[in-house]
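Enquirer: Here it is: the structure, laid out below.
The values are calculated or read from the model by the stated rules, or taken from the named source; none is laboratory data. If you're wondering where the values come from, they're calculated on a predicted model, not measured in any experiment. Cβ coordinates were reconstructed from backbone atoms using ideal geometry, including for glycine residues, and neighbour counts include every protein chain displayed.
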Amino acid sequence: MNPRFLRIAGVAALGGVVVMSACTLTRPITDPTRYYLLASVEFEEEAGRGDEHPAGEPLSVGLRRIQVTDYFNTPAITVRTGENSLRYSEFNRWAESLDRGASRIVREQLRGDPFVGSILLFPEASREEVNYEVEIHLLACEAVEHPDGSGSYSFRAFWMIYDGVERSIESGGEFTRTGDWSRGDYAAFARSISGACSELGREIARQLRELETATREI
């Protein structure tokens with residue numbers, strides 16, 4: 001075979017490889033990661049919450065940093081796959097840490113209550129005089145995949161209200177919400193957790209109203 005022809009064929013083949021490599025390198029890579037943000041949920045007005053002018057001065061409330069259980073204190077959404085097993089959805093993530101997201105939702109719900117005038121976050125709240133301090137521990141916040149192919153979500157938190165001066169525990173309780181979840185629909189999961197956090201904030205606001213109403217009636 002003609003040596004010159006072989007050289008031309010070799011150069012052409014090399015050029016083709018270079019062009020293909022360039023196309024591969026310049027091809028845009030799609031990032032499959034999705035980020036989800038908690039959002040406050042509005043509820044129908046409940047008795048007592050819509051009062052525009054409650055007797056007495058509005059409350060000053062200090063909100064401590066929310067404590068989150070270690071195993072789901074991660075950007076990746078936690079999915080329980082069994083009683084003692086779980087996985088992290090690497091491409092479905094929270095856009096902010098759960099403690100910050102939950103704290104933001106609780107604050108928004110407290111601000112919507114006419115009894116609450118100001119909300120201070122710790123450590124700033126420790127340097128100011130407040131009427132009550134609120135402490136929250138998130139115990140569960142996970143999507144659940146069941147063996148039968150169905151899905152659900154689980155949210156559980158423990159909260160306490162302290163007297164702002166005496167630091168004594170005035171009220172507390174456990175808040176739990178569960179419900180159905182369409183497996184793979186992480187936007188729906190984020191909405192469910194948003195609703196649970198919003199309800200938690202409403203529950204704490206309701207307890208603050210009851211405590212303050214009882215105090216003002218004495």
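Enquirer: Go over the candidates R107, R65, R80 one by one and state the one that is in a strand (DSSP E or B), out of contact with any Ser or Thr (no Cβ under 6 Å at 6 or more places or on another chain) and within 19 Å of A157 (Cα to Cα). Spell out the reasoning first.
Expert: Values: R107 fails: in a strand (DSSP E or B); R65 fails: in a strand (DSSP E or B).
Every option except R80 fails the conditions.
Enquirer: Look at S85 and say whether it is of a type outside the set (D, E) and at pLDDT below 95.
Expert: Values: of a type outside the set (D, E): yes; at pLDDT below 95: no.
It is false that S85 is of a type outside the set (D, E) and at pLDDT below 95.
Enquirer: Exactly one of these conditions fails for C23: (1) more than 27 Å from R191 (Cα to Cα); (2) at pLDDT 95 or above; (3) of a type outside the set (D, E, K, R). Give me its number.
Expert: Of (1) more than 27 Å from R191 (Cα to Cα); (2) at pLDDT 95 or above; (3) of a type outside the set (D, E, K, R), only one is false for C23: (2).
Enquirer: State yes or no: is A157 assigned to a strand (DSSP E or B) and at pLDDT 95 or above?
Expert: Values: assigned to a strand (DSSP E or B): yes; at pLDDT 95 or above: yes.
So A157 fits the description; yes.
Enquirer: Considering only segment 171-185, how many residues are among the acidic types (D, E) and out of contact with any strand residue (DSSP E or B) (no Cβ under 7 Å at 6 or more places or on another chain)? So that I can check it myself, show each step before the final result.
Expert: Here is the first cut: in segment 171-185, the ones among the acidic types (D, E) are 174, 180, 185.
Retained after the next criterion (residues that are out of contact with any strand residue (DSSP E or B) (no Cβ under 7 Å at 6 or more places or on another chain)): 185.
So the answer is 1.
Enquirer: Let me ask something else. Look through segment 26-41, keep the residues that are among the β-branched types (V, I, T) and over 9 Å from S194 (Cβ atoms), and return whichever of them is modelled with the highest pLDDT.
Expert: Selected residue: T33.
Enquirer: Return the pairs, sorted by first residue and then second, in which the second residue is among the basic types (K, R), the first residue lies in segment 180-199 and is over 13 Å from R93 (Cα atoms), the beta carbons are less than 6 Å apart, and the residues are 6+ apart or on different chains.
Expert: A196/R177
Enquirer: Looking at segment 210-218, can you tell me whether even one residue there is touching a Cys at 6+ places or on another chain (Cβ under 7 Å) and either surrounded by fewer than 13 Cβ atoms within 10 Å (Cβ to Cβ) or more than 19 Å from G62 (Cβ to Cβ) (or both)?
Expert: Kept after step one, since they are touching a Cys at 6+ places or on another chain (Cβ under 7 Å), are these residues of segment 210-218: none.
No, the conditions are met nowhere in segment 210-218.
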